[in-house]
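Below: the structure, in structure tokens.
Read the figures in this text as sums done on the coordinates, not as results from a lab. Nothing here was measured: the structure is a model prediction, and the numbers come from that model. Virtual Cβ from ideal backbone geometry, glycine too; neighbours counted across all protein chains shown.
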Amino acid sequence: MARGWESKSVESQIAEGKQGEEQHGPLNAEERQLRQRRHALELSRAHVVEELAVTSAPARRAALESALATLDAELAKLAAGKP
């Protein structure tokens, strides 16, 4: 049975993570937590963008746009080094 692109993507993400760890050394607990937080925000943002693309109800679109703005603000805070 052929493997799907999802498993290949996961494999590449794991490999990239190991490669980054080798270059910068192991992460401490705070760095790991920040990466996990950023990853969760990025996943949430991708989900909201996907929903926004297929939603036509004005109230739902407004809620999604608000959620997207909030997620972007949180990602900007993390990028600036603020928790």
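Data overview
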read-out	value
Net +/- balance of residues flanking A76 in space, Cβ distance below 14 Å, scoring K and R +1, D and E -1	+2
For peptides 28-36, 62-70, sequence by mean Cβ density within 10 Å, most packed first	62-70, 28-36
Gained length - E50 relative to E31, 0.36 nm times residue gap less alpha-carbon distance	4.0 nm
